[in-house]
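Before any comments, here is the structure.
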Amino acid sequence: MDGFFHFLQAQPFLVIFGVVALGMWLGKRSVAGISLGSVVCIILAGLLISIWAFNGAGVSLALPDVLKTIFFNLFIFARMRRRSHARPNNTPPVSPDSFTPVQQEV
């Protein structure tokens, strides 16, 4: 198993996509009608795999800074896009100066 974790340490893209795939698969499952969801399962899968790698083989599975930045930006901009589509007629929640609330027309 040490060789497998050393291989994963050298291939960070395989780690991230493997963790996401495992978390998505686990997130679709439910026990007694309760499901944790994809996001929680992805986080738990990442934590458990990295703890297992560190305790079992002494390998630290970390992402390069470029990947951290890319996935953080994807997370932020995906949330912005989802929120902009949730409003009727793409109206902003506040006026452009961000201090005066927009008056809703009736």
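The values are calculated or read from the model by the stated rules, or taken from the named source; none is laboratory data. The structure displayed is predicted, hence computed values, not measured ones. Note: ideal-geometry Cβ built from the backbone for every residue, glycine included; neighbour counts use all protein chains shown.
Please work out if residue 39 is part of a helix (DSSP H, G or I), more than 20 Å from residue 22 (Cα to Cα) and among the aliphatic types (A, V, I, L, M). Before you say what the answer is, go through the steps one by one.
Working: part of a helix (DSSP H, G or I): yes; more than 20 Å from residue 22 (Cα to Cα): no; among the aliphatic types (A, V, I, L, M): yes.
Spelling it out, it is not the case that residue 39 is part of a helix (DSSP H, G or I), more than 20 Å from residue 22 (Cα to Cα) and among the aliphatic types (A, V, I, L, M).
The single condition among (1) modelled with pLDDT of 85 or more; (2) out of contact with any Leu (no Cβ under 6 Å at 6 or more places or on another chain); (3) not small (Gly, Ala, Ser) that residue 15 does not satisfy is (2). Restricting 44, 26, 36, 22 to residues that are modelled with pLDDT under 90, in contact with a helix residue (DSSP H, G or I) (Cβ under 9 Å, 6 or more places away or on another chain) and of a type in the set (A, V, I, L, M, F, W, C) narrows the list to 36. The selection criterion, being under 26 Å from residue 27 (Cα atoms) and either modelled with pLDDT under 85 or of a type outside the set (D, E, K, R) (or both), holds for residue 86.
Considering (1) in a helix (DSSP H, G or I); (2) loosely packed, with under 11 Cβ neighbours inside 10 Å; (3) not small (Gly, Ala, Ser), the lone condition that residue 16 does not fulfil carries the number (2).
Rundown of residues vs (1) of a type in the set (A, V, I, L, M); (2) in contact (Cβ under 8 Å) with a residue 40 or more places away in the chain; (3) loosely packed, with under 12 Cβ neighbours inside 10 Å, yes/no style:
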{"site": "21", "(1), (2), (3)": "yes, no, no"}
{"site": "36", "(1), (2), (3)": "yes, no, no"}
{"site": "41", "(1), (2), (3)": "no, no, no"}
{"site": "51", "(1), (2), (3)": "yes, no, yes"}
